[in-house]
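Heads up: the structure comes next, in structure tokens.
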Amino acid sequence: MAAEISAKRSEEQGEKSRDHSRAMASSSRRLKKELADIQSSDSKTFCNIEFDENNLLHWTGLLVPDKEPYNKGAFKVSIDFPVEYPFKPPKITFLTKIYHPNVDEKGQVCLPIVAPDNWKPATKTEQVMNALLGLITEPEPDHPLRADLAEEFTKDRKKFNKNAEEYTKKYGFKRPDGY
């Protein structure tokens with residue numbers, strides 16, 4: 001009896017491992033295509049993408065805003081894709097400090113397009129990065145992760161922009177040539 005239970009467990013673990021491998025292969029194929037599409041596009045939103053060929057589930061790159069007050073630097077962002085991608089959304093984290101009401105001190109970002117309730121498997125990484133850029137250039141003070149910055153943004157935009165620009169100059173990465 002114990003041998004039968006052990007054999008059944010081993011069989012179930014083997015099936016889970018095969019399912020995990022299939023999911024990983026499927027997400028890797030999709031991510032390779034998306035990466036090639038981003039790299040060949042004219043978009044200057046997200047560049048200098050770094051990843052490990054053996055694990056396409058983790059990318060880092062530079063988000064390069066083109067509007068004030070964030071256009072004085074670039075922001076390193078990580079994208080962590082779940083094995084179940086594209087059926088589950090990626091997790092976006094700012095690795096560079098940013099003065100923004102929708103990004104907390106740990107770099108967590110409140111981005112509706114990657115919220116589990118809103119996620120659609122047809123959504124591509126480039127669309128996510130464009131949405132992120134849109135949120136950065138047009139903050140949503142009604143959905144803040146930092147209430148103090150949302151209040152400053154709402155009540156004293158000039159002060160907020162000055163602080164955000166100074167913060168960007170202090171912590172942001174140098175913008176790539178041509179940006």
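Things to note:
- Dipole magnitude of the stretch 92-179, debye to nearest 20 (Cβ charges: Lys/Arg +1, Asp/Glu -1, about Cα centre): 340 debye
- When each full DSSP H helix of the chain is screened for a Cα extent of at least 15 Å along its own axis and an average Kyte-Doolittle hydropathy of at least 0.5, the helices passing are 125-137.
- Candidates Lys124, Lys32, Lys76: whichever shows maximal mean-square fluctuation once the chain is modelled as a Gaussian network with Cα springs under 10 Å: Lys32
- With 0.36 nm allotted per residue and the present C-alpha distance subtracted, the Leu95-Asp177 stretch has 27.4 nm of extension available.
- When only the Cβ of Lys, Arg, Asp and Glu is charged (+1, +1, -1, -1), the dipole of the stretch 57-96 relative to its Cα centre reaches about 60 debye.
- For chymotrypsin sites (Phe, Trp or Tyr not before Pro), the sites in the stretch 20-108 that DSSP calls loop and that have at most 15 other Cβ atoms within 10 Å are Phe87.
- Here the stretch 82-124 is treated with +1 on each Lys and Arg Cβ and -1 on each Asp and Glu Cβ, and its dipole about the Cα centre works out to around 140 debye.
- The mean sequence separation of alpha-carbon pairs under 8 Å and at least six residues apart, normalised by the residue count of the stretch 37-179, gives a relative contact order of 26 percent.
- The GluC sites (Glu not before Pro) found in the stretch 43-126 that occupy coil by DSSP, while having at most 15 further C-beta atoms within 10 Å, are Glu53, Glu84, Glu105.
- Calculated [222 nm] ellipticity per residue, helices only, for the chain: -14500 deg cm²/dmol; basis is -39500 (n - 2.57) per DSSP H run with n ≥ 4, divided by all residues, nearest 500.
Where a number appears in this text, it was derived from the coordinates with a stated rule and is not lab data. What you see is a predicted model, and the numbers here were worked out from it, not measured in a lab. Using ideal geometry, Cβ is built from the backbone for each residue, glycine included, and neighbour counts are taken over all protein chains shown.
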